[in-house]
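Peer 1: Below is a structure I'd like to ask you about.
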Amino acid sequence: MELTKDNVLKIADNARLHLTDDELERYTKEINEALSYMTKIQAINTDEIEATTHGNTVKDVLRKDEAAVWEERDQALENAPEVEDDQFKVPTVIE
């Protein structure tokens with residue numbers, strides 16, 4: 001399917017775009033080139049290809065988020081500028 005200048009003008013009007021004559025020529029040509037690539041892609045036989053949501057098969061490897069007792073807590077708190085209730089004290093970020 002090839003778009004005409006009238007088709008492109010209607011699309012531009014729906015998008016509330018004002019096109020000059022040069023832009024109308026250029027966009028009509030560019031849209032038709034893109035559509036011709038889509039026609040080529042549609043012609044590819046994909047009957048034997050398994051459907052996927054994306055081409056990347058790598059999965060994130062994450063550890064379980066489990067609470068654990070940390071034996072060196074007191075050593076870490078020794079280096080803190082401020083400590084309150086056996087925790088690091090930091091400035092308030094959200095009021």
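Peer 1: How large, in Å, is the chain by the Kirkwood hydrodynamic radius built from its alpha-carbon pairs? Mind showing how you got there, number by number?
Peer 2: Values: mean 1/r = 0.0476 Å⁻¹.
So the Kirkwood estimate lands at 21.0 Å.
Peer 1: So what's the back-of-envelope 222 nm ellipticity for the chain, counting only DSSP H runs of four-plus at -39500 (n - 2.57) apiece and dividing by all residues, rounded to 500? Don't jump to the answer; show the numbers that get you there.
Peer 2: Values: 3 runs with 38 residues, N = 95.
Helices in the chain give a 222 nm mean residue ellipticity of -12500 deg cm²/dmol.
Peer 1: Now a separate question. Could you name the lysines in cross-link range of K40, using Cα to Cα under 18 Å and dropping any fewer than eight places away on the same chain?
Peer 2: K29
The numbers here are math on the coordinates, done by the rules we state, and not lab data. Everything quoted here is computed from the prediction, not taken from an experiment.
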